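Everything below concerns the one structure shown next.
None of the figures in this text is laboratory data; all of them are computed from the coordinates on show. Computed from a predicted structure; not experimentally measured. So basically every Cβ, Gly included, is an ideal-geometry build from the backbone, and we count neighbours across all protein chains shown.
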Amino acid sequence: MPKILFTDSTGTTREVEAKKGMSIMEAAVQNMVPEIDADCGGACACATCHVYVAESWLGKLKPKDDMEDSMLDFAEDVQDNSRLSCQILVNDDLDGIEVSTPEAQ
Ligand code: FES
């Protein structure tokens with residue numbers, strides 16, 4: 001199963017395994033990764049699953065759609081590498097992807 005590395009705002013990194021087809025948010029919630037609240041359950045309607053994707057992985061992701069882009073306007077401390085983790089589905093190409101969470105979250 002692909003692995004995801006989550007680094008929280010204190011600098012602690014956790015490695016979790018995710019089934020292909022699940023979202024990075026779902027993998028975080030199932031493994032009780034902190035700082036990813038996912039209040040809307042993945043409906044792209046809350047922005048509490050905001051993560052920063054490590055630059056080296058950005059090129060492997062599908063581009064943001066308009067809905068994700070709009071919802072990121074409600075997130076704190078948005079950067080160029082900001083994504084909503086509920087909108088990123090895990091596949092073999094993302095094995096080892098590194099994401100981190102904003103301090104404000
Ligand atoms: Fe609500 Fe991702 S879980 S926008």
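The Rg/Rh ratio of the stretch 1-73, with both radii computed over alpha carbons and Rh defined as the Kirkwood radius, is 0.93. In which sequence would THR10, THR48 go, from the one with the fewest C-beta neighbours within 10 Å to the one with the most? The fewest-first ordering by Cβ neighbours comes to THR10, THR48.
The three principal axes of the C-alpha atoms in the stretch 1-43 carry coordinate ranges of 27, 26, 11 Å, sorted with the longest axis first. Only DSSP H runs of four or more residues enter the estimate; each adds -39500 (n - 2.57), and after division by the residues of the chain the mean residue ellipticity at 222 nm equals -4000 deg cm²/dmol.
Counting lysine pairs in the chain that sit 8 or more residues apart in sequence, or on different chains, and whose Cα atoms lie under 16 Å apart gives 5. Each Cα pair under 8 Å and six or more residues apart adds its separation to the average, and for the chain the resulting relative contact order is 41 percent. In what sequence do MET25, MET71, MET32, MET1 fall when counting other Cβ within 10 Å, fewest first? In order of increasing Cβ crowding within 10 Å: MET32, MET1, MET71, MET25.
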